[in-house]
Amino acid sequence: MAADRRILVVGLENAGKTRLLRTMSGDVTNLMPTRGCIVKTISYEGRVLSLLEVGGFARSVWRRYANADCVVFVVDAHDRGRIYEAATALAQLLREPRLAMVPVLVLCNKMDIFTSLKPEVLLTLFAPVLRGRPSAVLGCSAMTGDGVPAALAWLAIWLDRTRPRNRRTLFRCCCYSLRSS
Ligand SMILES: Nc1nc2c(ncn2[C@@H]2O[C@H](COP(=O)(O)OP(=O)(O)O)[C@@H](O)[C@H]2O)c(=O)[nH]1
Ligand SMILES: [Mg+2]
């Protein structure tokens, strides 16, 4: 089987990271709030993707996982009061030198709620944070699954264009690991 590629999934607490991992893997059981880490390993069109969620409460430790191949930053697009906080948290993470050229996908989640901010609006806020690296700002609903195939397709394109990172220390201190077929 092909070597797995590592995707760091971060965002403020309540953004929908766990829900997204469950939707991507097709396993929507066990939707408990996460304070620690979760790894979900999925197969996607011949690739093996390991998705690591680091809980939003643990913002200070996100950069420990900086040798990921891609970063997915999940934003609660319905929580307008925390959008700036989210952009600031991403900017802080991306100051990490080991993430210099790593592709970043910003997922504007909860698009099933019609008052959520649209990706076009969030793009204006996130564009300066993302400048100089492969990136995209896409909408999705981790709840309904809308936009999730497009997110996976974007990740696959950029993973295919980049080499696996050195991963000696990556994901070492995860609390538990779940493997999906
Ligand atoms: N309406 C809606 N609610 C969502 C969506 N994704 C997550 N949620 C809800 O948002 C809350 C936080 O989700 P969770 O995945 O635990 O967030 P995390 O803290 O980022 O892991 C839960 O009540 C989810 O059911 C979505 O796409 N749409
Ligand atoms: Mg969670």
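The values are calculated or read from the model by the stated rules, or taken from the named source; none is laboratory data. None of these values were measured; they are calculated from a predicted model. Reconstructed Cβ throughout: ideal geometry from the backbone, glycine too, with neighbour counts over all protein chains shown.
In table form, for the structure just shown:
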item	result
Residue, farthest from residue 158 (Cα to Cα), within segment 67-123, restricted to residues that are among the hydroxyl-bearing types (Ser, Thr, Tyr) and outside any helix (DSSP H, G or I)	115
The listed residue being in a helix (DSSP H, G or I), charged (D, E, K, R) and within 16 Å of ligand 2 (Cβ to nearest atom), out of 63, 59	59
Cβ pairs under 8 Å, 6+ apart, first in segment 146-168 and at pLDDT below 95 and outside any loop (DSSP other than H, G, I, E, B), second of a type in the set (D, E, K, R) and buried (at least 18 other Cβ atoms within 10 Å of the Cβ)	159/5; 159/69
Matching residues, segment 128-165, being farther than 16 Å from residue 17 by Cα and of a type in the set (Asp, Glu)	160
